[in-house]
Amino acid sequence: MTGIPIFLSSEIIWNMMSYLSVKSVLRFKCVCKNWNVIIQDFQFICLHYERSPASITKKPPGTTTEEVEFKPLDSVGLLLEYSSTNTTLNYKYRVRNPEIQHQIFEIPDSQHFIVNMSLVFDPLYHVLKLLSYIHDNQLVIGYEVLDLCNEEGSYSWRPLVRKGETRLSSPIIKRSKIKALFALRTGYIIWDIASATGIDIVDMVNDSYIGHINFPTSNFYNKHDDCILWNEKLSLAKLVKDELHVLLLDKAQWADVSLIIKLPFVVVSAVQEQITVIRCGDSDKLMFKWKNDTDKKKEPLCFYNIKTGKLEISRLNCTELFNYVYRRPCLVTFKGINT
């Protein structure tokens, strides 16, 4: 009795492999040419990234060459690093994939001074780009984009034109003064500098500037620190007694009134418990840091499901949160990467 050959369509293979770990998928590159092509297809890489389980893990350690030490700056699967020991004002930057050893992409220099940089990976819209926050010799701020999905393997910065002219009072700016959040093809760049305060909105698919909005005139919210993503929308969130007040940004306008969410686990006392919201997503699942009177030395990372009322307190102490990153493993490589 002869065996009956089994044929699997590309669609079935896509779906099967998209649920596997990076290590397992990479092994299948050697099965046949067709599988190798599938694994390197950027649409498959995006699907695999979406289905990879997210976790909070220690930041991959920086790496040291003979001349320069690199430290982690941003991570969305790939790891963006900068040269902390650089003696010049303009740092060196590079990208590597912690899941795939010995692969480093040296990011080309810009003609302008780079204040900070973000790595943007939006699998829904097939976006994988770098966004840099720059200023020119006249201290006028702006943006530049570098597309990491360049089919030709030639990478260069191109301007993302910002309308209006805003000048910095000093060329030296702390990285913490610029905060960037990305959701649904949109980037929100939050400036907390005396000469440049407010939020720039950019379209990361078309590399275009959407506009600038100011913070609400009320002093109720701490403008820079309270900015989070609330179900993929930019928001301001602040705890008042046992209530979380959330002001949403919709169609480039702040809502007239705040959402008020009751947090039954918060004890109202003379001393206000300190809750710092990190984000809200995954069907109203709130992620936050919680510092209460039970153990003042610890600030655990917590998750609260607004719909079900379920509270999860992790073992991770947020006083050490800067050593950790919320990330998904990915299969991303691109032309021009060194191996």
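Where a number appears in this text, it was derived from the coordinates with a stated rule and is not lab data. The shown structure was predicted, so the numbers you read here are calculated from the model rather than taken from an experiment. Cβ placement follows ideal geometry from the backbone for every residue including glycine, while neighbour counts extend to all protein chains displayed.
Structural remarks
- Near TYR209, once Lys and Arg are set to +1 and Asp and Glu to -1 for all other residues with Cβ below 11 Å from its Cβ, the sum equals -1.
- Gained length - CYS32 relative to THR217, 0.36 nm times residue gap less alpha-carbon distance: 60.5 nm
- Two-site label geometry, HIS126 and ILE210: point separation in nm, points 7 Å out along Cα→Cβ: 2.2
- By the count of other C-beta atoms within 10 Å, a proxy for reagent exposure, SER83, SER314 are ordered fewest to most as SER314, SER83.
- Stretching the chain fully between ILE306 and ARG185 yields a gain of 41.0 nm (0.36 nm per residue, less the alpha carbon separation).
- Space enclosed by the convex hull of the alpha-carbon atoms of the range 10-50, per residue, Å³: 58
- Each residue in LEU8, LEU181 was given a count of other beta-carbon atoms within 10 angstrom of its own, and listing them fewest first yields LEU8, LEU181.
- For ARG279, the residues 5 or more places off, or on other chains, whose built amide H falls under 5 Å of its own are MET287.
- Separation in nanometres of the label points that stand 7 Å from Cα toward Cβ, at GLU11 and PHE265: 4.2
- Formal net charge of residues neighbouring GLU106 (Cβ-Cβ distance under 11 Å; K, R +1; D, E -1): +1
- Distant-in-sequence amide contacts of LEU73, defined by a placed amide H-H separation under 5 Å and a gap of 5 or more residues or a different chain, comprise LEU80, GLU81, TYR82.
- The GluC sites (Glu not before Pro) of the range 206-283 meeting both criteria, a DSSP state outside H, G, I, E and B (loop) and at most 16 other C-beta atoms within 10 angstrom of the site's C-beta, are GLU232.
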